[in-house]
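The structure under discussion appears below in the form of structure tokens.
The values are calculated or read from the model by the stated rules, or taken from the named source; none is laboratory data. Quantities reported herein were computed from a predicted structural model and do not represent experimental measurements. Neighbour counts run over all protein chains shown; Cβ positions are idealised from the backbone, glycine included. To get the accessible areas, we keep the full protein, side chains included, count just its heavy atoms, and leave off ligands, DNA and RNA. Shrake-Rupley method; radii C 1.70, N 1.55, O 1.52, S 1.80 Å.
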Amino acid sequence: MGTENRRAVVTQEMDFSHLEEHILMRLDKALNDHEIKVYYQPVVRTLSEKLCGMEALARWEDPEYGLLPPDRFIHVLEKHKLIHLLDLYSIREVCKRYSRCRQQGILPVPVSVNLSRLDFEAVDVLQEVERIVGEYEVPKEVIRFEITESVLTEHADEMQKWIRELQEAGYEVWMDDFGSGYSSLNVLKDYAFNELKIDMRFLSDFSARSREIIASIVDMAKRIGIHTLAEGVESREQKDFLLSIGCEKIQGYYYGPPLPYEQCLLELKDKGIDRESPAEQQYYDEIGKVNVLSANPFDFHEEAKESEFLRSSDLALALLEFDADVQGFRAIYTNDACKKALKLLGYSEPQEVVNAIKARSFPAAGRFIKALDRTRTQGSEIFNYVDGGDYCSVKLKLISSSGSRSAILYSLTDISRNTDMERDRKLDGSLRHLYAIYNEVYLLHIDKGYLEVLTTDNQEAGERQHGSIKDIVTRYAAEKVYDEDRPHYLKFFDTDTMEKKIRESQKGFINAYIRTIDGHGNYSWKIYLAFIVKPEHVLVMVRDEDTAKGNVWNHYRKDYFMEEEKEGYSEDISPEILWQNALRWTEWVFSGRIGNDVSWE
Ligand code: C2E
Ligand code: MG
Ligand code: MG
């Protein structure tokens, strides 16, 4: 080492020891005179891009050294067991700020404050916190505590106790810098944190490997019910990635560095970032629990099952936000598999489907909206339809509600294209198609005078899943059927003659056109069809007169009809031909499958 260099090192060391001395000498004054300031860095909700929190970070504006970042003084304060003075000061400053805002009628977002493990050794943290929070009348939910992962492995028992006490008193405790230590997984196992802040070093190189690790962390955190936040987000690309894997919150220079409070708010305003309300916070916290990386995202409330540890992004998933007031919706999240599935169906982006449904140009648009509305009130729904010759099955589950808004998890299975489902499709393919076309399907057990609802669009009908044919038909005739059509309806459902009539019909089925009343008091034409699936078992299918979509017939013909009888049928296949075909298939399906499932005694 040359003389120059050696001199530089010596000067630096002197500088450090001088700074250390300076810090120790000046700490009290710096705290009293507010030379130490709390800066605020925004935390933004990934899904809504709204401000959902802030982190309080200390800055020392020193008259001699200028602006000192935490890495210059935190370790000195820790070394001399003085860090609790800074941390309690920060908590006090945050509470003061909160109470000032509230006096001005502003409801600020929650703020997280960093704690050191040495704080717990120096003072009774909970007691001190309660004192300050009480003094400023700050609700406990708006102060969160961050504890860095690396300090959690030593004296774990004590640390667990302290953290639990804070949580039991009503405060959230977050793990800071997750992944920075050597035993992150053990820490996760031993502590019940409310939220995990993923260390920024995973994002810094943003390699495929790092992305994989971040995705695994988010996946794992959701399995054990911990919220996720990624630190150090600096680019749009990183933000998009975090959105795609379901990481709930983002903090980093992309949304802004730590700044004095007023300045931080001004910057957010410039960027057009609004503040999240407490109601929105609850709403999005619930949504955040959905694990879009799971093979079974619909079961997120249940204990993780072994089989679920298989990561799968094959399932086409989206989060829809349904607004009951306007009976409309938008997609707030779609995963890659969903985008791909929609592309195969001919839509270049999710919004196109939403628009098509709005414009009622999407197959079964009305039923889709109804299904969303039912999910809102009933919690879940399975809904099938045919689109451009593809048979699609949609699963819906209510995740969260706020006012008229509901977040609904949506999965799409394009059964026609899913070759793995080939076997299933062969098994009950015809029934699935019939369910897609018909609004209601009943199975009549003629011998027992018993009616069973197999599928229905009609909420009220759903209430009477099983029952005496006579009772149901008589009641329905009186309440719903148009006066003039009532005799015809009752004759159609006359079980003494029904089977005979079907057998004697040339087509193998009987039909009836009946007007029934809907929930709005309007009558509309319904087509009723009945055919025998096995002795004493009649299937009755009901559909609106106008739901016969061309592509439904085409699809049906292509898959179940043309294969066997390729010649001699024109393009415009009639419902009658369809029915003869359905009859063959259904007889087979029922004898093998459904027939054994049906039991009610
Ligand atoms: P931390 O709690 O993990 O805080 C995040 C640090 O990352 C902050 O550094 C912040 O300025 C920085 N950062 C945020 N976004 C980005 C980004 O997009 N890119 C990059 N490269 N950096 C980003 P800061 O303020 O220097 O704080 C450093 C550490 O000092 C904090 O890490 C925290 O552990 C500690 N600290 C800060 N204030 C306090 C305090 O009042 N008490 C205690 N005990 N520790 C504190
Ligand atoms: Mg922190
Ligand atoms: Mg951190």
Residues of segment 121-178 being touching a His at 6+ places or on another chain (Cβ under 9 Å) and within 15 Å of ligand 3 (Cβ to nearest atom), in sequence order, are 174
Residue 289 fails exactly one of (1) modelled with pLDDT under 95; (2) within 16 Å of ligand 1 (Cβ to nearest atom), namely (2)
Hey, any hits in segment 171-185 for a residue that's in a helix (DSSP H, G or I) and either free of Cβ contacts under 8 Å to residues at least 24 places away in the same chain or away from ligand 2 (no atom under 12 Å from the Cβ) (or both)?
-> yes
Selection from segment 91-143 of residues that are away from ligand 1 (no atom under 12 Å from the Cβ) and of a type in the set (Lys, Arg) = 96, 97, 100, 102, 131, 140
Could you grab the pairs with beta carbons closer than 7 Å, sequence gap of 6+ or different chains, first residue in segment 48-62 and free of Cβ contacts under 8 Å to residues at least 12 places away in the same chain, second one within 13 Å of ligand 1 (Cβ to nearest atom)?
-> none
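Residue-wise test of (1) modelled with pLDDT of 95 or more; (2) within 30 Å of residue 284 (Cα to Cα).
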{"residue": "63", "(1), (2)": "no, no"}
{"residue": "82", "(1), (2)": "yes, no"}
{"residue": "86", "(1), (2)": "yes, no"}
{"residue": "105", "(1), (2)": "no, yes"}
Name the pairs whose Cβ atoms lie under 6 Å apart, with the first residue in segment 325-350 and more than 28 Å from residue 377 (Cα to Cα), the second part of a helix (DSSP H, G or I), and 6 or more positions between them or separate chains?
-> 347/353
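Collect the residues in segment 256-297 that are part of a helix (DSSP H, G or I), open to solvent by 60 Å² or more (accessible area, probe 1.4 Å) and farther than 19 Å from residue 100 by Cβ, keeping them in residue-number order.
267, 270, 282
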How many residues does segment 220-238 contain that are within 12 Å of ligand 3 (Cβ to nearest atom) and surrounded by fewer than 24 Cβ atoms within 10 Å (Cβ to Cβ)?
-> 2
Any chance you could count how many residues in segment 167-218 are open to solvent by 20 Å² or more (accessible area, probe 1.4 Å), at pLDDT 95 or above and either out of contact with any strand residue (DSSP E or B) (no Cβ under 7 Å at 6 or more places or on another chain) or aromatic (Phe, Trp, Tyr) (or both)?
-> 3
Subset of segment 127-137, residues open to solvent by 40 Å² or more (accessible area, probe 1.4 Å) and over 11 Å from residue 84 (Cα atoms), comes to 127, 130, 131, 134, 135, 136, 137
How many of the residues in segment 39-73 are open to solvent by 20 Å² or more (accessible area, probe 1.4 Å), within 39 Å of the chain's Cα centre (by Cα) and not basic (Lys, Arg)?
-> 8
When segment 206-221 is examined, which residues are found to be touching an Asp or Glu at 6+ places or on another chain (Cβ under 9 Å) and more than 16 Å from ligand 1 (Cβ to nearest atom)?
-> 218, 221
Please enumerate the residues belonging to segment 168-178 that are of a type outside the set (Phe, Trp, Tyr) and either within 15 Å of ligand 1 (Cβ to nearest atom) or in contact with a Phe, Trp or Tyr (Cβ under 9 Å, 6 or more places away or on another chain) (or both).
-> 172, 173, 175, 176, 177
Check segment 77-95 and report whether any residue there is open to solvent by 70 Å² or more (accessible area, probe 1.4 Å), over 15 Å from residue 24 (Cα atoms) and more than 16 Å from ligand 3 (Cβ to nearest atom).
-> yes
Name the pairs whose Cβ atoms lie under 6 Å apart, with the first residue in segment 245-274 and closer than 13 Å to residue 53 by Cβ, the second modelled with pLDDT under 95 and away from ligand 2 (no atom under 16 Å from the Cβ), and 6 or more positions between them or separate chains?
-> 248/288
Those residues that are away from ligand 2 (no atom under 16 Å from the Cβ), more than 28 Å from residue 282 (Cβ to Cβ) and not hydrophobic (A, V, I, L, M, F, W, C), I need them from segment 197-235; list them, please.
-> 204, 205, 207, 209, 210, 211, 212, 234, 235
